[in-house]
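Worksheet: the structure to be examined is printed underneath.
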């Protein structure tokens, strides 16, 4: 907002109505508008987060009822099957995010260089819609397509080729379905910011297309691409519903492990490990955001 | 060179406003220009195949039963299916409550941010973006822990009634609270983009000078200016709540998404059919939203375009809003 704040000069009506007290009282009253939101966030977000943190670091003796601080849950969450699930999630997220970044950039470039406005509009609208397509319906759409008795599986006799949807590869194929459109949305504005004049200038001074991309295109795009990658990573990392509806427990993913531990499908007393695993996830997601936000701010320089 | 560009470029009469950023670079060698065209076609064809195949084959899967031929039983049986109406009604009422709560919380906060000290803006923004860092599954472990405190520590106090009421089977308030937390980032983004096009301090000052009360200012001056971004925030929240599975299933409730999974074992075809229908409905909503957001019908065109981009992440892609809006879909994926 470049408009100067008008409250510095209250109109004659306001002055007549309420006198000078209004200008003094105003800042404190305005602040109250945000109070419900802050209270709500403290209660419904802060309280669970605090409980999570507290539970991840304490152990309550069921007999004596005493509570002591311990790093045991956290260290257990970084061992054995739990560690496998964490690395599984990180691997799946990294792989799908990398693939989606490449594919998304290819599609976005194809759209941006297209001279048909209609194509561009259609692809962007479809991307906006598909990026919101996740969770349960996505899982079932793929079960019907590539599952054991899926239409494409039977048409192409994919099971004879060793195809299995309920696996790491299968999940990769599914995750790309919502990650690629997300990448298209992220990267199209950045590609638009790549001025044709730069390419023209590079080519007319004797650079090849490859040199243009290496020395001009990619450096300009780098923050957007990295930011997009990190965003996709976070998105794939937090995904739970699709995997839960699909693979059950056959692929080790941290979200599935947490759900198992929480619903008591494993040994009793695992709740605190679930909390510790959640804390691990928050730390990783927090790192992702810490990388993403500055990058996004940096890349937005090229958008105008 | 610039003068050459249109001549060699557009025998097929490019519309003047269509973006054609890269073509001038390819002008010097005509052969080079033709190659990317095939490449582009190939990429878009493969992408189209990948994105259309699951939808088409889902439909084929639901209507074609091996040995019986074509049947629409999977669709006609949905309405009479056990638990369908209850779960859908539960999801819709949860969505309505979530939308109301989220808007009631965020709109006053954002208006206050525009009028108040700059520090408030940073606080509100951080509070609204924090749920992005906490995946839904982590949020639900925290909520489950808090809910266990009820029987453990408060069973003899009046507070215990609150714990029970919050977890009422017929209308679980706890889900409304959790969904509102998950929706905060979208709602904040959408409304913030809408408010960016409105000069709130001036409007408020003008209305106040004319003798309007605070409530009147918000209801009759600010909100009408935000109509399309309010619609955007509402639609996104609706889509989020309808598709939400993680929180509801782990807390043991049975709204729509959980119901789909629970019938999938016995009625595979019906679960796919319902998935397909819920997708189409969500998409229709989002498309309506992007039209409404960018169309001339919106009261404030600038606000409309901004919120449309923020909401569907699709339309006015040239604005910076889209880039900042793109992260919005993330938590909805859960």
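Per the conditions (1) facing another protein chain (nearest Cβ under 7 Å); (2) in contact with a helix residue (DSSP H, G or I) (Cβ under 6 Å, 6 or more places away or on another chain); (3) without any contact (Cβ under 8 Å) to a residue 60 or more places away in the chain, the sole criterion not satisfied by residue B:135 is (3).
All conditions but one from (1) more than 30 Å from residue B:135 (Cα to Cα); (2) assigned to a helix (DSSP H, G or I); (3) at pLDDT 50 or above apply to residue A:15; the one that does not is (3).
Okay, residues lined up against (1) within 11 Å of another protein chain (Cβ to nearest Cβ); (2) under 25 Å from residue A:123 (Cα atoms):
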site	(1), (2)
A:155	yes, no
A:161	no, no
A:173	yes, yes
A:204	yes, no
A:209	yes, no
A:231	yes, yes
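Could you go through segment B:227-247 and let me know if any residue there is under 26 Å from residue A:263 (Cα atoms) and surrounded by fewer than 20 Cβ atoms within 10 Å (Cβ to Cβ). So far as segment B:227-247 goes, no, none of its residues is under 26 Å from residue A:263 (Cα atoms) and surrounded by fewer than 20 Cβ atoms within 10 Å (Cβ to Cβ).
Residues are listed down the side, and each one gets a yes or a no for (1) outside the structural domain of residue A:103 (by TED's automatic domain parsing); (2) assigned to a helix (DSSP H, G or I); (3) without any contact (Cβ under 8 Å) to a residue 12 or more places away in the chain:
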| site | (1), (2), (3) |
| --- | --- |
| A:148 | no, no, no |
| A:160 | no, yes, yes |
| A:180 | no, yes, no |
| A:188 | no, yes, no |
| A:227 | no, yes, no |
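The set of residues from segment B:150-161 being part of a helix (DSSP H, G or I) and free of Cβ contacts under 8 Å to residues at least 12 places away in the same chain comprises B:152, B:153, B:159, B:160, B:161. All of (1) in contact with a helix residue (DSSP H, G or I) (Cβ under 9 Å, 6 or more places away or on another chain); (2) exposed (fewer than 15 other Cβ atoms within 10 Å of the Cβ) hold for residue B:206 with one exception: (2).
Of the helices (runs of 4 or more DSSP H) lying entirely inside segment A:29-138, the ones with 3 or more residues being on the phi < 0 side of the Ramachandran plot and either in contact (Cβ under 8 Å) with a residue 40 or more places away in the chain or out of contact with any helix residue (DSSP H, G or I) (no Cβ under 8 Å at 6 or more places or on another chain) (or both) are found at A:47-57, A:72-76, A:80-112, A:117-130.
The values are calculated or read from the model by the stated rules, or taken from the named source; none is laboratory data. Fair warning: this is a prediction, and the values are worked out from it, not measured in the lab. Glycine also receives a Cβ, built like all others from the backbone with ideal geometry; neighbour counts cover every protein chain displayed.
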